[in-house]
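Step one of this worksheet: look at the structure below.
The values are calculated or read from the model by the stated rules, or taken from the named source; none is laboratory data. Predicted model, so just to flag it, every value in this text is computed and none were measured. Note: ideal-geometry Cβ built from the backbone for every residue, glycine included; neighbour counts use all protein chains shown. The protein model used for the area step is the full one, side chains on, heavy atoms only, and it has no ligands, DNA or RNA in it. Shrake-Rupley method; radii C 1.70, N 1.55, O 1.52, S 1.80 Å.
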Amino acid sequence: MLKEKVVSARRIAEVVATLGQEISADMEGRDPVFICILKGAVYFFTALTQHLSRSVVVDFIQVSSYGATTETSGTVILVKDITVDISGKDVYLVEDIVDTGLTLEDVIALLKARHPRSVQVVALLSKPSRRKVDVTVDFVGLEIEDRFVVGFGLDFAEQFRNLPDIWEFAP
Ligand code: IMP
């Protein structure tokens, strides 16, 4: 059940625009490839990449770690790989939310094996109090406390991704 609105669509739009500006400045002199972690980041990814100051290459990767629960299993399975060559490129890995960090740790390792020049992480939301591994999130939209949220791409058992606002969810 939806308990409380945590981030409004309007606030999300502001945060995304600010991140777009910061990342546009960071892209100077780089050869960027933006990689979206499906499915959760897709709403954030399409909004963010439209705020970038120039053309970039986009691609998609899908991993699976959750079933119909609110806890990560700690084991990431590659469901769909990227299709572009990232060797020598500057990767911006776009995630919806960083919780324990286990998913990102695995995806970063997988991408680094293809020899990109750099890998930076962009996350709309972060729950720092939940971190189990030390992953660097280079660009963070908002930090939130430890509560399970849905909407703007985030799901519970595949539901609620299409909500324009982000809500706290209680199973
Ligand atoms: P981590 O591996 O624990 O960092 O979890 C990362 C992934 O878990 C995210 O990409 C989300 O798909 C999912 N996740 C973590 N917290 C939430 C939440 O509050 N709502 C919905 N999905 C979440």
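Using a 1.4 Å probe on the protein chains only, how many percent of the accessible area of the range 104-171 belongs to carbon and sulfur? After summing per-atom areas, the C and S share lands at 48 percent. Helix 9-26 and the longest principal axis of the C-alpha atoms of the chain enclose an angle of approximately 20°. In a DSSP loop and with at most 11 other Cβ atoms within 10 Å, the trypsin sites (Lys or Arg not before Pro) in the range 1-108 are Arg54.
Solvent-accessible surface (1.4 Å probe) assigned to Ile144 amounts to roughly 30 Å². With every protein chain in place and a 1.4 angstrom probe, the accessible-area ranking of Glu28, Glu4, largest first, reads Glu28, Glu4. For the range 60-171, the antiparallel share of DSSP beta bridges with both residues in that region comes to about 35%.
Sorting Phe156, Phe169 on solvent-accessible area from highest to lowest, probe radius 1.4 Å, gives Phe156, Phe169. Relative to the longest principal axis of the Cα atoms of the chain, the long axis of helix 102-112 lies at roughly 10 degrees.
Proximity of backbone amide H atoms, modeled 1.01 Å from N, is registered between Val119 and Val91 at under 5 Å, excluding neighbours fewer than 5 places apart on the same chain.
Of the beta bridges in the range 1-142, as assigned by DSSP with both residues counted there, near 10 percent are antiparallel. Cross-link partners for Lys132 among the lysines, with Cα-Cα distance under 21 Å and sequence neighbours closer than 8 places in the same chain left out: Lys112. Gyration tensor analysis over the Cα atoms of the range 61-171 returns equivalent ellipsoid semi-axes of 24, 15, 14 Å (largest first, whole Å).
Determine the per residue accessible area of the chain with all protein chains present and a 1.4 angstrom probe, expressed in square angstrom. Numbers along the way, then the final one.
Working: 8290 Å² over 171 residues.
Heavy-atom SASA per residue in the chain reads 48 Å².
The solvent-accessible area of Val57, taken with every protein chain present and a 1.4 Å probe, is close to 70 Å².
Projecting label points 7 angstrom from Cα along Cα→Cβ for Ser129 and Asp59 puts them 3.8 nm apart.
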